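Some notes on the structure that comes next.
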Ligand code: AMP
Ligand code: ZN
C-alpha cells in the first residue's frame with residue numbers, strides 16, 4: 001500500500017511499526033449536530049483505507065474519537081463559546097443527552113453507507129484524566145505553562161512546529177501582525193490552550209491541578225490516540241481542514257510529551273462542496289445521508305459516487321452524478337445475479353483483472369481507476385460469468401457496495417430486461433420476427449437464456 005503522506009509530501013509505501021499490524025486513528029465527529037455527507041466523505045476515506053489494508057492482509061486496529069467537549073465557536077483565538085453549550089441552550093437537553101443523541105445518529109448514518117464499526121470510539125469526556133496527565137507532562141518537559149488557570153502550549157519550545165502544515169512560526173508571525181491579539185496571557189500569539197479555565201456560565205467543567213476547567217480540542221486526539229494505539233503507530237486520517245491547527249498541534253503535543261515521533265503517515269481527504277461552497281454545519285447548507293433515501297437513492301451508492309473522484313481532490317456534490325452512481329450500483333447487483341454464482345477457480349484473464357484492481361487500490365487508493373477496471377470486467381467477453389462473479393464479490397471487501405444483494409435475493413429482471421421482454425412479445429404479436437430476433441440476441445448478450453412459452457418470452461440468467 002502506497003499512501004500520500006501529508007507530513008513528507010510524498011507517496012510512500014506503508015511500513016507498519018509492528019509487522020503486519022496497522023494502528024490507525026481517525027478524527028471523528030463533534031456530537032452536537034448531525035453529520036452531513038461532507039463529513040461522511042471523510043469518514044468513508046478512513047473506512048476505505050482500512051478495508052484496502054485488510055484486503056492486503058493487514059490486521060488493522062482503528063480508533064475514532066467522539067468529540068463531546070471542547071470545540072469552540074472560535075478555534076483560532078481559543079475564545080468564544082463551547083459549541084456543546086450552545087446546542088444545550090438550543091435543544092433543552094443536557095450535554096450528555098445531546099452527545100448521546102448525535103453519537104447514535106452518527107453511528108446510524110455511517111452504518112447506512114457501509115462504514116465498518118471501528119474498534120474503539122473513545123469519548124473525550126471519558127478521558128479527561130489522560131488529557132490532564134499529558135498536559136502535566138508537557139509542563140514538566142518545558143513545552144507548556146500555566147497562567148491564571150489556563151495552560152498554554154509554548155510553540156517556540158517545539159522547533160519542528162509547522163512541519164505538517166508548512167505554517168512555521170515565522171510565517172504565522174507575519175500573519176499575526178495584522179490581527180488584534182485577544183489573549184494577553186499567552187507568551188506568544190501562536191501558543192494554544194491545552195486546558196482552559198472555566199468561566200462562570202460554563203456547563204461542562206472538571207477539576208484539575210489548575211482549578212476547574214475543560215480541555216482544549218486538540219489534546220483529546222493526542223491523549224486518546226496514544227492511549228489506544230501506543231506511542232508509535234502508523235496512520236492518522238482526517239479532512240484537509242484539520243491539518244492546521246488541529247493536527248499540527250497534535251504533533252506538537254504528542255511528540256512534546258513522549259519526545260519522539262509518534263505517527264508515521266498522515267492522510268487527508270479533500271472536501272465535498274455543495275453548489276461550489278464548502279459544505280459546513282455553520283453555513284447551513286448541509287445534506288444528510290437520510291435525505292438521499294427519500295430520493296430513492298441507495299445510501300451505499302454514495303460510496304460509489306465518492307470513489308469516482310480521487311480522495312484528495314475537492315469534489316462537488318451533484319444529485320445527477322449521485323443518481324448515475326446509484327443506477328450503476330443497482331445494475332451491477334443485477335449483473336451479479338445474472339452471472340449466477342462464483343467460479344471454482346480463476347483463469348488467466350480474470351487473474352490479470354484481479355492484479356490490476358489490487359494495484360489501483362494499493363496506489364494511494366486510486367478508486368477512479370479501480371472503477372474503470374470493474375466496469376471493464378463487467379463488459380469483458382473474455383472472462384466467464386462465474387469468474388466475474390468471484391472477482392466482483394471479492395473486490396466488494398474494498399468497495400462495500402453489497403454487490404451480492406440481488407444474487408442472494410434470487411434473480412429479478414432489471415427494468416431494461418423487462419422492457420426488452422415486452423418489446424419482443426409485442427414484435428412477435430405483430431409477426432415482426434426480425435425485431436423479435438434482434439431483441440432475443442440483445443437479451444442473450446446480457447447473459448440471459450431466452451425461452452418461448454405459451455405465456456410469451458421468459459428469461460433467466462444463463463448459468
Ligand atoms: P467536524 O465534525 O466538523 O469536526 O468534522 C468531522 C470530519 O469531517 C473532519 O475530519 C473534517 O475534516 C471533515 N469535514 C468537515 N466538513 C467536510 C466537507 N465538507 N467535506 C469533507 N470533509 C469534511
Ligand atoms: Zn482529532
Out of the range 397-408, which residues are in a helix (DSSP H, G or I) and crowded, with 18+ Cβ neighbours inside 10 Å? 398, 399, 406, 407
On the given criteria, is residue 209 within 16 Å of ligand 1 (Cβ to nearest atom) and more than 22 Å from the chain's Cα centre (by Cα)? no
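Okay, residues lined up against (1) modelled with pLDDT under 95; (2) within 20 Å of residue 239 (Cα to Cα); (3) within 16 Å of ligand 2 (Cβ to nearest atom); (4) not assigned by TED's automatic domain parsing to the domain that holds residue 213:
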site: 6; (1), (2), (3), (4): no, yes, yes, no
site: 13; (1), (2), (3), (4): no, no, no, no
site: 44; (1), (2), (3), (4): no, yes, no, no
site: 48; (1), (2), (3), (4): no, yes, no, no
site: 59; (1), (2), (3), (4): no, no, no, no
site: 65; (1), (2), (3), (4): no, yes, yes, no
site: 89; (1), (2), (3), (4): yes, no, no, no
site: 93; (1), (2), (3), (4): yes, no, no, no
site: 99; (1), (2), (3), (4): yes, no, no, no
Output the number of residues of the range 252-277 satisfying the condition of being more than 16 Å from ligand 2 (Cβ to nearest atom) and not in a strand (DSSP E or B). 9
Conditions first: (1) surrounded by fewer than 19 Cβ atoms within 10 Å (Cβ to Cβ); (2) assigned to a helix (DSSP H, G or I); (3) without any contact (Cβ under 8 Å) to a residue 24 or more places away in the chain. Residue 373 passes all but one, so which condition is the exception? (1)
Picking from 243, 235, 286, which residue would you name as being within 24 Å of residue 106 (Cα to Cα), modelled with pLDDT of 95 or more, within 11 Å of ligand 1 (Cβ to nearest atom) and not assigned by TED's automatic domain parsing to the domain that holds residue 396? 243
Looking at (1) modelled with pLDDT of 95 or more; (2) in a loop (DSSP other than H, G, I, E, B); (3) touching a strand residue (DSSP E or B) at 6+ places or on another chain (Cβ under 6 Å), which one does residue 382 not meet, given that it meets all the others? (3)
I need the full set of residues from the range 331-349 which are modelled with pLDDT of 95 or more, farther than 13 Å from residue 374 by Cβ and either assigned to a helix (DSSP H, G or I) or in the same structural domain as residue 36 (by TED's automatic domain parsing) (or both), in order please. 348, 349
Just name the residue that is farthest from ligand 2 (Cβ to nearest atom) out of those in the range 201-213 that are at pLDDT 95 or above and in contact with a helix residue (DSSP H, G or I) (Cβ under 8 Å, 6 or more places away or on another chain). 209
Within the range 421-434, take every residue that is within 30 Å of residue 384 (Cβ to Cβ) and without any contact (Cβ under 8 Å) to a residue 24 or more places away in the chain and give me the one that is surrounded by the most Cβ atoms within 10 Å (Cβ to Cβ). 423
Out of (1) touching a strand residue (DSSP E or B) at 6+ places or on another chain (Cβ under 8 Å); (2) part of a loop (DSSP other than H, G, I, E, B), the one residue 431 does not meet is (1)
Inside the range 40-65, the number of residues satisfying the requirement of being without any contact (Cβ under 8 Å) to a residue 60 or more places away in the chain and assigned to a helix (DSSP H, G or I) is 1
So for the range 23-35 (the condition being away from ligand 2 (no atom under 16 Å from the Cβ), outside any helix (DSSP H, G or I) and touching a residue at least 24 places away in the same chain (Cβ under 8 Å)), does at least one residue qualify? yes
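Let's see how each residue does on (1) touching a helix residue (DSSP H, G or I) at 6+ places or on another chain (Cβ under 9 Å); (2) assigned to a loop (DSSP other than H, G, I, E, B); (3) touching a residue at least 12 places away in the same chain (Cβ under 8 Å):
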position	(1), (2), (3)
93	yes, yes, no
97	yes, no, no
103	no, no, yes
111	no, no, no
116	yes, yes, yes
Boolean, residue 152 is in contact with a helix residue (DSSP H, G or I) (Cβ under 8 Å, 6 or more places away or on another chain), part of a strand (DSSP E or B) and at pLDDT 95 or above: no
Residues that are surrounded by fewer than 23 Cβ atoms within 10 Å (Cβ to Cβ), within 13 Å of ligand 1 (Cβ to nearest atom) and over 19 Å from the mean Cα position of the chain (by Cα), drawn from the range 248-276: 275, 276
Please tell me if residue 249 is under 16 Å from residue 25 (Cβ atoms) and in a strand (DSSP E or B). no
Within the group 160, 136, which residue is in a helix (DSSP H, G or I), surrounded by fewer than 21 Cβ atoms within 10 Å (Cβ to Cβ) and assigned by TED's automatic domain parsing to the domain that holds residue 50? 136
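The values are calculated or read from the model by the stated rules, or taken from the named source; none is laboratory data. Since the structure is predicted, the reported quantities are computational estimates derived from the model, not experimental observations. Note that each Cβ is placed from the backbone with ideal geometry, even for glycine, and that neighbours are counted across all protein chains shown.
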